[in-house]
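The values are calculated or read from the model by the stated rules, or taken from the named source; none is laboratory data. What you are looking at is a predicted structure, and each value in this text was computed from that prediction instead of being measured. Using ideal geometry, Cβ is built from the backbone for each residue, glycine included, and neighbour counts are taken over all protein chains shown.
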Amino acid sequence: DHVLTENDFVHQNNLRYPFEERGLQFGDGIYEVIRVYGGKYYLIDEHVERLYRSAEAVKIEVPYKKEEMYERLNQLLQQNKVESDAKVYLQITRGSAPRDHAFPLDTDANLYAYVKDLPRAIDKMWDGVETITQHDVRWDWCYIKSLNLLPNVLAKQAATEEGCYEAVLHKDGEVTECSSSNVYLVRNGKVYTHPAKKNILHGCVRMRIEEFCRQEGITFKEESFRIEDFQYANEVFLTSSTSEVMPILKVDELTIGNGEPGRITRRLQELYEEDAG
Ligand code: PDD
């Protein structure tokens with residue numbers, strides 16, 4: 001169980017984090033979760049690009065150039081002999097320095113990445129899941145995949161306490177995304193999702209969904225919708241690197257459509273499977 005760091009690979013038991021670490025004290029860092037199928041990365045370019053975009057947005061210097069990043073990420077899978085379905089978690093913080101809100105001078109970023117088995121959620125994807133709505137109390141820059149996840153954690157916990165899989169977030173009724181996934185509404189054969197503005201994460205799977213829709217001649221509308229619109233939805237689903245394409249059967253007390261995963265959701269699941277396979 002070897003962890004990639006800014007310097008080299010270390011065994012996870014030998015990884016030490018100083019107590020004055022800006023990721024711990026300020027959430028001053030960024031991260032990625034990358035899917036691995038059969039020991040191979042899925043959407044690696046999209047994730048690496050987003051990582052560098054997030055880093056630039058918060059003025060953190062990534063310890064490696066992109067080429068080296070790819071090399072190291074591949075080594076991470078080799079070193080751990082990953083052959084199955086897994087996820088890689090990678091985070092970069094502004095580094096370790098005496099606590100001060102302002103950036104430290106001459107401090108290098110800390111990076112670590114590890115890999116963990118993650119079987120596909122086959123049963124849930126077949127059956128579909130239930131959700132609750134929660135106010136989106138996050139900041140304006142959710143396109144940055146930052147370590148500040150307290151609002152997401154609280155929203156997901158509220159969902160968990162209701163026996164639900166996810167929390168659908170909304171700002172004054174306008175649906176943005178979920179606590180750790182993007183959300184879509186299908187009506188009259190068209191797929192609607194919040195525009196990729198600064199207030200949502202631009203999901204890597206979301207980009208593929210747009211492409212799948214284009215291929216299939218399904219209209220993909222980057223148009224925000226409201227909580228009330230769920231009552232007119234034929235289908236609702238969410239996507240993420242860990243959840244893939246997940247049918248949503250309920251939002252709060254409301255049953256979506258006929259209460260079963262819809263035709264377009266199923267087609268997108270098939271296309272995802274072909275793409276990832
Ligand atoms: N979450 N929106 C939010 C707020 C997310 O945290 C995520 C991913 C997504 C979907 O992005 P992608 O398709 O690139 O996985 C949307 C990861 C999986 C996580 O935090 O565990």
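Need a quick list: helices (runs of 4 or more DSSP H) entirely within segment 1-119 having at least 1 residues that are touching a His at 6+ places or on another chain (Cβ under 6 Å). Spell out how you get there, then give the answer.
Details: elements: 22-26, 44-57, 66-79.
Result: 66-79.
Among the residues that make up segment 110-132, is at least one of them within 14 Å of the ligand (Cβ to nearest atom), basic (Lys, Arg) and loosely packed, with under 13 Cβ neighbours inside 10 Å?
Within segment 110-132, one or more residues are within 14 Å of the ligand (Cβ to nearest atom), basic (Lys, Arg) and loosely packed, with under 13 Cβ neighbours inside 10 Å.
Within segment 46-57, count every residue that is without any contact (Cβ under 8 Å) to a residue 60 or more places away in the chain and in contact with a helix residue (DSSP H, G or I) (Cβ under 9 Å, 6 or more places away or on another chain).
Matching residues across segment 46-57 total 3.
Checking Arg35 against (1) surrounded by 19 or more Cβ atoms within 10 Å (Cβ to Cβ); (2) in contact (Cβ under 8 Å) with a residue 60 or more places away in the chain; (3) more than 12 Å from the ligand (Cβ to nearest atom), which single condition isn't satisfied?
(3)
Look at Val175 and say whether it is in contact with a Phe, Trp or Tyr (Cβ under 9 Å, 6 or more places away or on another chain), more than 15 Å from the ligand (Cβ to nearest atom) and part of a strand (DSSP E or B). Lay out the reasoning, then the answer.
Details: in contact with a Phe, Trp or Tyr (Cβ under 9 Å, 6 or more places away or on another chain): yes; more than 15 Å from the ligand (Cβ to nearest atom): no; part of a strand (DSSP E or B): yes.
Against the criterion (in contact with a Phe, Trp or Tyr (Cβ under 9 Å, 6 or more places away or on another chain), more than 15 Å from the ligand (Cβ to nearest atom) and part of a strand (DSSP E or B)), Val175 does not qualify.
Suppose we filter segment 120-172 for residues that are in contact with a helix residue (DSSP H, G or I) (Cβ under 6 Å, 6 or more places away or on another chain) and either assigned by TED's automatic domain parsing to the domain that holds Gln91 or part of a loop (DSSP other than H, G, I, E, B) (or both); how many remain?
5
I'd like the residue in segment 9-28 that is surrounded by 10 or more Cβ atoms within 10 Å (Cβ to Cβ) and among the charged types (D, E, K, R) and, out of all such residues, is nearest to Pro98 (Cα to Cα). Lay out the reasoning, then the answer.
Step one: of segment 9-28, the residues surrounded by 10 or more Cβ atoms within 10 Å (Cβ to Cβ) are 9-10, 12, 15, 17-18, 20-28.
Next, only the ones that are among the charged types (D, E, K, R) stay: 20-22, 28.
Values: Glu20: 6, Glu21: 8, Arg22: 9, Asp28: 14 Å.
So the residue we want is Glu20.
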